[in-house]
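For reference, the structure is listed below as structure tokens.
The values are calculated or read from the model by the stated rules, or taken from the named source; none is laboratory data. Predicted model, so just to flag it, every value in this text is computed and none were measured. Cβ: placed from backbone, ideal geometry, glycine included. Neighbour counts: every protein chain shown. Only protein heavy atoms, including side chains, enter the accessible area calculation; ligands, DNA and RNA are left aside. Shrake-Rupley method; radii C 1.70, N 1.55, O 1.52, S 1.80 Å.
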Amino acid sequence: LPSTLHFLLIRHCPGLTSMPALPSTLINLRIDKCPGLTSLPALPSSLTALTLDSCPAITSLPALLNSLKYLHLDNCPGLTNLPALPNTLTELLVENCPGVSSLPALPITLICLWACGCPGLTSLPTLPSTLTSLLVENCPGLTSLPAIPSTLTSLAIHSCPGLDSRGLRVGKLFISLM
């Protein structure tokens, strides 16, 4: 790959099973619909955004470095856990990853968290006080939520039958989940 590459999009490559080393200048990596890809190479320290969509053979991610701000994982059923999240991450979106049963500790820099279509997810870690947006959808294994920070400006909880009607508290506001 060219050593000056900043953005790399790999899409619809069913025969791709592995990738070469990534250039140290890469800022944004997006991989879509690569069903044969089983792993990623080490990520460069310049990477700020990583998106994996419809990569069912990937079972784990390499170490996430402190430059990463955006991580979006969608339709990766082979993925069972996530590595430690860097303290620079501001957005974490995990969608349609049924093998994920838990999320690692969330960094204090996180402002947006989506957990959608993750039936194996049974709980969420402590939410940072910087969080402004939380979306939890179609996570039937989720039976409780951690304390909701008062910094939230957007909260959506949908199709999570494991959450009972005790509700949740956001600052002085109580929300019933009936």
Enumeration of residues in segment 87-115 that are assigned to a loop (DSSP other than H, G, I, E, B) and either aromatic (Phe, Trp, Tyr) or open to solvent by less than 30 Å² (accessible area, probe 1.4 Å) (or both): Leu89, Cys97, Gly99, Val100, Leu103, Pro104, Leu106, Pro107, Leu110
Return yes when Leu68 is out of contact with any Pro (no Cβ under 8 Å at 6 or more places or on another chain) and surrounded by 15 or more Cβ atoms within 10 Å (Cβ to Cβ) and no when it is not. no
Residue pairs qualifying under the 8 Å Cβ cut-off, at least six apart or on distinct chains, with the first in segment 94-112 being farther than 26 Å from Pro56 by Cβ and the second being among the acidic types (Asp, Glu) and part of a strand (DSSP E or B), are Leu110/Glu91; Ile111/Glu91
Exception for Ala84 within (1) farther than 26 Å from Thr25 by Cβ; (2) open to solvent by 60 Å² or more (accessible area, probe 1.4 Å) falls at (1)
Name the one entry in Ala115, Ala84, Ala105, Ala63 that is over 29 Å from Gly162 (Cβ atoms) and either of a type in the set (A, V, I, L, M) or more than 12 Å from the chain's Cα centre (by Cα) (or both). Ala63
Residues in segment 46-61 that are open to solvent by 30 Å² or more (accessible area, probe 1.4 Å), farther than 24 Å from Pro119 by Cβ and either modelled with pLDDT under 95 or not in a loop (DSSP other than H, G, I, E, B) (or both) total 0
Answer with yes or no whether Leu73 is part of a loop (DSSP other than H, G, I, E, B) and in contact with a strand residue (DSSP E or B) (Cβ under 7 Å, 6 or more places away or on another chain). no
Condition check for Asn75: in contact with a Ser or Thr (Cβ under 8 Å, 6 or more places away or on another chain), at pLDDT 95 or above, closer than 22 Å to Pro149 by Cβ and open to solvent by 20 Å² or more (accessible area, probe 1.4 Å): no
So, in segment 4-41, of the ones that are more than 11 Å from Leu52 (Cα to Cα) and of a type in the set (Val, Ile, Thr), which residue ends up most open to solvent (accessible area, probe 1.4 Å)? Thr4
